[in-house]
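Engineer: This structure is in structure tokens; I'll ask about it shortly.
The values are calculated or read from the model by the stated rules, or taken from the named source; none is laboratory data. These numbers come from a predicted model, not from an experiment. Here the Cβ positions follow ideal geometry from the backbone for every residue, glycine too, while neighbour counts run over all protein chains shown.
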Amino acid sequence: MARVLITGAGRGLGLAFVRSCLTRGDTIWAGVRQPEKSPQLTELKAKYPQELHLVPLDVTDAAAIENVWQQLHKEAGALDLLINNAGINSMSADAGGTAAHLRLGELDSNRMLAMFHINAVAPLMLAQRCIDLLATGDNPRIISISSWLGSLANKASGGNYSYCASKTALNMLMRALALEVISKGIITVIFNPGWMQTDMGGPRAKLTPDESARGILQVTDNLTASDAGRFLNWDGTEHPW
């Protein structure tokens, strides 16, 4: 049984991670900006009152990150798995409109930087704060959810500036982190979760969030030190940078 912190846990892949981890007996701290507005998490909390902890967490808020660290330190004393899942794209309600991220001539630097903060910088800040908890954990791991759109090798068309570049930045930041913290026994990898049936992926996607979450967790369970810094697909195959 692992002690797991999951960001963006209120819906989509984050919620699927919560379900999968609970099913296998883990203890979860589910981070979401407004836990009371996630009825599915509330239902799971009623079913797993001891195993599931709902924590208010805006990943761009340093005070919120500190509060989560304090709660983890008090209630768990250590952390075994950090899942950096929270993120937005140009279609997200709080992205400020698609044109600010997609349309040349209407790009907005403040909106773009806000997306970079959420998708790339915030996961590193959370990981940085939790390093001491992870260093005393059992078989500690940090996994971060990226996208095939963050791959330079796969970029075949223009546009989608903010999301693609923010995921590319996440990849580099987490690779750099991986090469530093492996000396502490912490293995860090980046995952492309696949094209999923979520608000971001749409209904035409063939992969469900639960399938992706289960696959990522299975791969994560079998990581070794030689995997540190790799960019992997949800099924464990290599993804091009």
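Engineer: Here are some residues: 166, 144. Which one is within 14 Å of the chain's Cα centre (by Cα), in a helix (DSSP H, G or I) and either closer than 23 Å to residue 78 by Cβ or in contact (Cβ under 8 Å) with a residue 40 or more places away in the chain (or both)?
Structural biologist: 166 is the lone residue from the list that is within 14 Å of the chain's Cα centre (by Cα), in a helix (DSSP H, G or I) and either closer than 23 Å to residue 78 by Cβ or in contact (Cβ under 8 Å) with a residue 40 or more places away in the chain (or both).
Engineer: Which of the residues spanning the range 40-63 are outside any helix (DSSP H, G or I), under 14 Å from residue 118 (Cα atoms) and either among the aliphatic types (A, V, I, L, M) or in contact with a helix residue (DSSP H, G or I) (Cβ under 8 Å, 6 or more places away or on another chain) (or both)?
Structural biologist: 57, 58, 59, 60
Engineer: Can you confirm whether the range 55-63 contains a residue that is exposed (fewer than 15 other Cβ atoms within 10 Å of the Cβ), more than 25 Å from residue 120 (Cα to Cα) and over 16 Å from the mean Cα position of the chain (by Cα)?
Structural biologist: Checking the range 55-63: not a single residue is exposed (fewer than 15 other Cβ atoms within 10 Å of the Cβ), more than 25 Å from residue 120 (Cα to Cα) and over 16 Å from the mean Cα position of the chain (by Cα).
Engineer: For residue 189, indicate whether it is farther than 30 Å from residue 111 by Cα, of a type outside the set (Phe, Trp, Tyr), in contact with a Leu (Cβ under 9 Å, 6 or more places away or on another chain) and not in a loop (DSSP other than H, G, I, E, B).
Structural biologist: No.
Engineer: Mind listing whichever residues of the range 1-41 are among the β-branched types (Val, Ile, Thr) and touching a strand residue (DSSP E or B) at 6+ places or on another chain (Cβ under 8 Å)?
Structural biologist: Hits for the range 1-41 are 4, 6, 7, 18, 27, 28, 32.
Engineer: Filter the range 218-241 for residues that are touching a Phe, Trp or Tyr at 6+ places or on another chain (Cβ under 9 Å) and assigned to a loop (DSSP other than H, G, I, E, B); which is farthest from residue 175 (Cα to Cα)?
Structural biologist: Step by step, filter the range 218-241, then rank; the result is 234.
Engineer: Residues 129, 111, 175: which one is without any contact (Cβ under 8 Å) to a residue 60 or more places away in the chain, among the charged types (D, E, K, R) and under 20 Å from residue 61 (Cβ atoms)?
Structural biologist: Selected residue: 111, the only one of 129, 111, 175 that is without any contact (Cβ under 8 Å) to a residue 60 or more places away in the chain, among the charged types (D, E, K, R) and under 20 Å from residue 61 (Cβ atoms).
Engineer: Here's a follow-up. Output the number of residues of the range 5-39 satisfying the condition of being part of a loop (DSSP other than H, G, I, E, B), polar (S, T, N, Q) and without any contact (Cβ under 8 Å) to a residue 60 or more places away in the chain.
Structural biologist: Total satisfying the criteria: 2.
Engineer: Shifting gears a bit: Being assigned to a helix (DSSP H, G or I) and surrounded by fewer than 15 Cβ atoms within 10 Å (Cβ to Cβ) is the filter here, so list the residues in the range 64-84 that pass it.
Structural biologist: Result: 66, 67, 70, 73, 74, 75.
Engineer: Of all residues in the range 147-163, which are outside any helix (DSSP H, G or I) and either polar (S, T, N, Q) or touching a Leu at 6+ places or on another chain (Cβ under 6 Å) (or both)?
Structural biologist: Residues satisfying the conditions are 147, 151, 154, 157, 159, 160.
Here is a yes/no grid of residues against (1) at pLDDT below 95; (2) surrounded by 16 or more Cβ atoms within 10 Å (Cβ to Cβ); (3) in contact with a strand residue (DSSP E or B) (Cβ under 7 Å, 6 or more places away or on another chain):
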residue: 127; (1), (2), (3): no, yes, yes
residue: 131; (1), (2), (3): no, yes, no
residue: 134; (1), (2), (3): no, yes, yes
residue: 141; (1), (2), (3): no, yes, yes
residue: 145; (1), (2), (3): no, yes, yes
residue: 148; (1), (2), (3): yes, yes, yes
residue: 154; (1), (2), (3): yes, no, no
residue: 159; (1), (2), (3): yes, no, no
residue: 163; (1), (2), (3): no, yes, no
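Engineer: If you don't mind, another one. Consider the range 90-115. How many of its residues are surrounded by fewer than 16 Cβ atoms within 10 Å (Cβ to Cβ) and within 20 Å of the chain's Cα centre (by Cα)?
Structural biologist: So the count comes out to 4.
Engineer: Here are the criteria: (1) buried (at least 20 other Cβ atoms within 10 Å of the Cβ); (2) under 30 Å from residue 158 (Cβ atoms); (3) touching a His at 6+ places or on another chain (Cβ under 9 Å). Tell me which single one residue 87 does not satisfy.
Structural biologist: Among (1) buried (at least 20 other Cβ atoms within 10 Å of the Cβ); (2) under 30 Å from residue 158 (Cβ atoms); (3) touching a His at 6+ places or on another chain (Cβ under 9 Å), the lone unmet condition for residue 87 is (3).
Engineer: Could you say whether any residue in the range 176-183 is on the phi < 0 side of the Ramachandran plot, loosely packed, with under 15 Cβ neighbours inside 10 Å and aliphatic (A, V, I, L, M)?
Structural biologist: Yes, because at least one residue in the range 176-183 is on the phi < 0 side of the Ramachandran plot, loosely packed, with under 15 Cβ neighbours inside 10 Å and aliphatic (A, V, I, L, M).
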